[in-house]
Each structure stands twice: as C-alpha cells, then as structure tokens.
Amino acid sequence: MTAFQTLKPSELDRDAFVAAFADIYEHSPWVARKAFDLGQGPELDQIETLHQRMSDILLSADHASQLALINAHPDLAGKAAVQGELTEASTHEQAGAGIHQCTTEEFQRFTELNDAYKAKFRFPFIMAVKGSNRHQILAAFEVRIHNSVEAEFKEALAQINKIALFRLLTL
C-alpha cells in the first residue's frame, strides 16, 4: 500500500477533502464528495484504498453521470491543448506523452481521429497517456475506433480510473 506524501485524507474535513480531490476525476468533484460521504478512516490514507473507493463510485454511477464525466475530458492533442485551455493535470499528462511535439501531420491525424471518434461514439477518446508516446496513442486510437459503442464506453471508464490513479500517486 502507498501512503499519500502531501496530505492525510482521513484528517481532512469535507471542504478540504473535496478541494484536494475535486479534479482527480476531470471537472467532476461529485466523485470526491461521494467518497468523503462514505466515511473517513485511516484506511483512506492509502492511495490504493481511496482509488478503489473512487473507482467504485464512478462504476456504480448512473449512465448520465458517467457520460458527463467522460465528456469532461479534453480531446488528445485537440483545440483545448493547442490553445492552452487544459487543466493543469491534463496539460502535464499530454506533455509527458510528447503530444506537444507532434508534427503538423500528426496533429492533423489526431484531429481527424478525434472527429471520427466523436462522430461514432458521441464522446471523446480517453486514454491514460502516462508512459505512452504520441505514436502509441495514435496506434491505440486507430485500433479502438473500430470497437463497439458499448465496448468503448466501458474502456473510457477504465481509462479514466487509470488516470485517477496516476493523479492520486502525485499527491
């Protein structure tokens, strides 16, 4: 088990807890609120325990809440990234994957794939990009765009939970 380095969730009041964990799930503080409301204890000072609780909250949420959370995520190498409008976490994650180093042709391919993906699935392509490079991300995009809507919805939730773990590990 891994302890948080910068805070102790079990010692935080509701407002401080929600503030600390509000963007673990992109623009979705409701996950942090529900995690707090399930009760506080020293077990939450372990990253894996809090992550499991938050993951369970997402996976047990209604479809509309899950879809809203998926749609809160930016396109990879999309307009928000180019215009500097991403959250700090998303900016760091995309930069870590080298997306900011895309060639003109790679940015064009990301744009084409983002547009085709959203036309088919009605939500953005989600991938936990930590440890990946832009070539691996494009390859995953090329494969996953052929999945069913149901399979991609499930995959998006799994990727979001991976992103959440990576974000928790930075605290």
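The values are calculated or read from the model by the stated rules, or taken from the named source; none is laboratory data. These figures come from a predicted structure and were not determined experimentally. Backbone-built Cβ (ideal geometry, glycine too); neighbour counts: all protein chains shown.
Observations on the structure shown:
- Hits in region 103-135 - residues which are out of contact with any Asp or Glu (no Cβ under 8 Å at 6 or more places or on another chain), β-branched (V, I, T) and within 21 Å of E26 (Cβ to Cβ): T111
- Test result for H27, at positive phi and out of contact with any Phe, Trp or Tyr (no Cβ under 7 Å at 6 or more places or on another chain): yes
- Residues that are among the hydrophobic types (A, V, I, L, M, F, W, C) and free of Cβ contacts under 8 Å to residues at least 12 places away in the same chain, drawn from region 124-139: A139
- Among residues of region 55-65, those that are in contact with a helix residue (DSSP H, G or I) (Cβ under 6 Å, 6 or more places away or on another chain) and either hydroxyl-bearing (S, T, Y) or modelled with pLDDT under 95 (or both), counted: 1
- Subset of region 114-138 that is more than 19 Å from the chain's Cα centre (by Cα) and among the hydrophobic types (A, V, I, L, M, F, W, C) - its residue that is surrounded by the fewest Cβ atoms within 10 Å (Cβ to Cβ): A119
- Scanning region 81-109 for residues that are among the hydrophobic types (A, V, I, L, M, F, W, C), within 25 Å of D23 (Cα to Cα) and at pLDDT 70 or above yields a single hit, I99.
This table checks each residue for (1) at pLDDT 95 or above; (2) β-branched (V, I, T); (3) not in a helix (DSSP H, G or I).
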position: T6; (1), (2), (3): no, yes, yes
position: A19; (1), (2), (3): yes, no, no
position: E26; (1), (2), (3): no, no, yes
position: V31; (1), (2), (3): yes, yes, no
position: R53; (1), (2), (3): yes, no, no
position: L67; (1), (2), (3): yes, no, no
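- Residue in region 36-55 that is surrounded by 21 or more Cβ atoms within 10 Å (Cβ to Cβ), aliphatic (A, V, I, L, M) and closer than 22 Å to A156 by Cβ present: yes
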